[in-house]
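Trainee: I am attaching a structure below and will ask some questions about it afterwards.
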Amino acid sequence: MVGDEDGADELEDPAQVGGHRIVERIGTGGAAAVYAALDPEERWVAVKVLRPAVAADPAFRRRFAREVELLGRVAEEYTAPLLDADVHAPRPWLAMRYVAGPTVGDHVDRDGPMSGVELLEFAAGLAEAVAAVHRSGIVHRDLKPGNVLLAEDRPRIIDFGIARSTDEDTRGSGEILGSPGWISPEQFHERVPGPAADVFAWGGLVAYAATGRRPFGAGTLRQTAERVLNGEADLRGTPSVLLPWVEAALHTDPGRRPTSAHLAAAIGGLLGRRSAQASSNWASISSR
């Protein structure tokens, strides 16, 4: 299931989900919709609900239940924390703390590429978030501009819809999961993605944030797959201080990529010399 951004069925928005009063729809994918809502105590939350057609599919219901379980493992400062869920409802749902801030994609579309300390803060913060996911025994598998929020304090990773636990059965299904342009090379060889696949996506996201361009361009899945498999990333404009790390993260051999923990330590070290300036710059991103 590659790039499930568009749903075919007409979606009727509910008025209430699990005691949460729906205010507006803020996101729609092929499998689910996400709403801004108010909980019974009038606190803002984000509620994700499976589409009716998808909710009738036992495989999607199992996947959603797994998403709830995995999201609950991640340290809350690196994601939109899980608050409540009902995986047995006619339309399964989960409620998360509402985290204000644009996605990386929205920020780049609106304000253009990042630079300087702001970019270093993003690269370091995203590496820390990816490392936190990996410490939780999870591979996200779908890191892309729309799945990283630029919250007031740090980048936060959202949407664990196709994430897997690292202790799951590692036999491949032959199905390629993810979004074109962000899928690691090994997945095209039908290898089950490990943490190195998320590191590959980290490299792509940092290059995207630095240049405003998708490093493997646009086009069909076949076209982007060829560029990914051939290591043809367009990294022009990526600052020299980050370029070696981005190149290493985008290596076609997953065994030659740095770990997320290594990236977090290395980029954090680069940033440490300018930490005071970084913190003041970062806080301004989510409020723009």
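The values are calculated or read from the model by the stated rules, or taken from the named source; none is laboratory data. This one's a predicted model, so the numbers in the text were calculated from it and none came from an experiment. For neighbour counting, all protein chains shown are included, and Cβ atoms are generated from backbone atoms with ideal geometry for every residue, glycine included.
Here is a yes/no grid of residues against (1) touching an Asp or Glu at 6+ places or on another chain (Cβ under 8 Å); (2) more than 19 Å from residue 235 (Cα to Cα); (3) not assigned by the TED database to the domain that holds residue 266:
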| position | (1), (2), (3) |
| --- | --- |
| 161 | yes, yes, no |
| 180 | no, no, no |
| 189 | no, yes, no |
| 195 | no, yes, no |
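Trainee: Further question: What about residue 114, is it assigned to a loop (DSSP other than H, G, I, E, B) and modelled with pLDDT of 95 or more?
Mentor: Yes.
Trainee: Consider residue 266 carefully, then state whether it is within 20 Å of residue 179 (Cα to Cα), of a type in the set (A, V, I, L, M), touching a helix residue (DSSP H, G or I) at 6+ places or on another chain (Cβ under 8 Å) and in a helix (DSSP H, G or I).
Mentor: So residue 266 fails the test.
Trainee: For the range 22-38, which residues satisfy the criterion of being touching an Asp or Glu at 6+ places or on another chain (Cβ under 8 Å) and modelled with pLDDT of 95 or more?
Mentor: 22, 25, 33, 35, 36
Trainee: If only one of 209, 163, 197 is small (Gly, Ala, Ser), in contact (Cβ under 8 Å) with a residue 24 or more places away in the chain and over 17 Å from residue 250 (Cβ atoms), which one is it?
Mentor: When all the criteria are applied, what remains is 163.
Trainee: Being among the aliphatic types (A, V, I, L, M) and either in a loop (DSSP other than H, G, I, E, B) or crowded, with 20+ Cβ neighbours inside 10 Å (or both) is the filter here; which residues of the range 82-98 pass it?
Mentor: Just the residues of the range 82-98 that are among the aliphatic types (A, V, I, L, M), to begin with: 82-83, 85, 87, 89, 94-96.
Of everything in the range 82-98, those that are among the aliphatic types (A, V, I, L, M) and either in a loop (DSSP other than H, G, I, E, B) or crowded, with 20+ Cβ neighbours inside 10 Å (or both) turn out to be 82, 85, 87, 89, 94, 95, 96.
Trainee: Further question: Please specify each residue of the range 11-66 satisfying the condition of being small (Gly, Ala, Ser) and within 15 Å of residue 94 (Cβ to Cβ).
Mentor: 18, 19, 27, 29, 31, 32, 33, 36, 37, 46, 55, 65
Trainee: Suppose we filter the range 178-230 for residues that are surrounded by 17 or more Cβ atoms within 10 Å (Cβ to Cβ), polar (S, T, N, Q) and more than 15 Å from residue 148 (Cα to Cα); how many remain?
Mentor: 4
Trainee: Under 7 Å by Cβ, and 6 or more places apart or on different chains, what pairs join a residue from the range 55-72 that is in the same structural domain as residue 84 (by the TED database) with one that is among the hydroxyl-bearing types (Ser, Thr, Tyr)?
Mentor: Close Cβ pairs satisfying both conditions: 70/165; 71/79.
Trainee: Let me ask something additional. If you scan the range 55-73, which residues turn out to be of a type in the set (A, V, I, L, M), within 17 Å of residue 162 (Cα to Cα) and out of contact with any strand residue (DSSP E or B) (no Cβ under 7 Å at 6 or more places or on another chain)? Steps first, please.
Mentor: Filtering the range 55-73 down to residues of a type in the set (A, V, I, L, M) leaves 55-56, 59, 65, 68, 70-71.
Narrowing further to those that are within 17 Å of residue 162 (Cα to Cα): 55, 59, 65, 68, 70-71.
55, 59, 65, listed by residue number.
Trainee: Given (1) among the polar types (S, T, N, Q); (2) in contact (Cβ under 8 Å) with a residue 40 or more places away in the chain; (3) surrounded by fewer than 18 Cβ atoms within 10 Å (Cβ to Cβ), identify the lone condition not met by residue 28.
Mentor: (2)
Trainee: OK, next. Would you be able to say whether some residue in the range 217-238 is within 19 Å of residue 121 (Cβ to Cβ) and outside any loop (DSSP other than H, G, I, E, B)?
Mentor: Taking every residue of the range 217-238 in turn, none turns out to be within 19 Å of residue 121 (Cβ to Cβ) and outside any loop (DSSP other than H, G, I, E, B).
Trainee: Within the range 100-124, track down each residue that is surrounded by 22 or more Cβ atoms within 10 Å (Cβ to Cβ) and either touching a Lys or Arg at 6+ places or on another chain (Cβ under 6 Å) or aliphatic (A, V, I, L, M) (or both).
Mentor: The answer is 104, 114, 120, 123, 124.
Trainee: On to the next question. Please go through the range 31-52 and give me each residue that is touching a Gly at 6+ places or on another chain (Cβ under 8 Å) and in contact (Cβ under 8 Å) with a residue 40 or more places away in the chain, ordered by number.
Mentor: Across the range 31-52, the qualifying residues are 31, 32, 39, 47, 51.
Trainee: Residues 180, 92, 155: which one is closer than 30 Å to residue 220 by Cβ and modelled with pLDDT of 95 or more?
Mentor: Among 180, 92, 155, only 155 is closer than 30 Å to residue 220 by Cβ and modelled with pLDDT of 95 or more.
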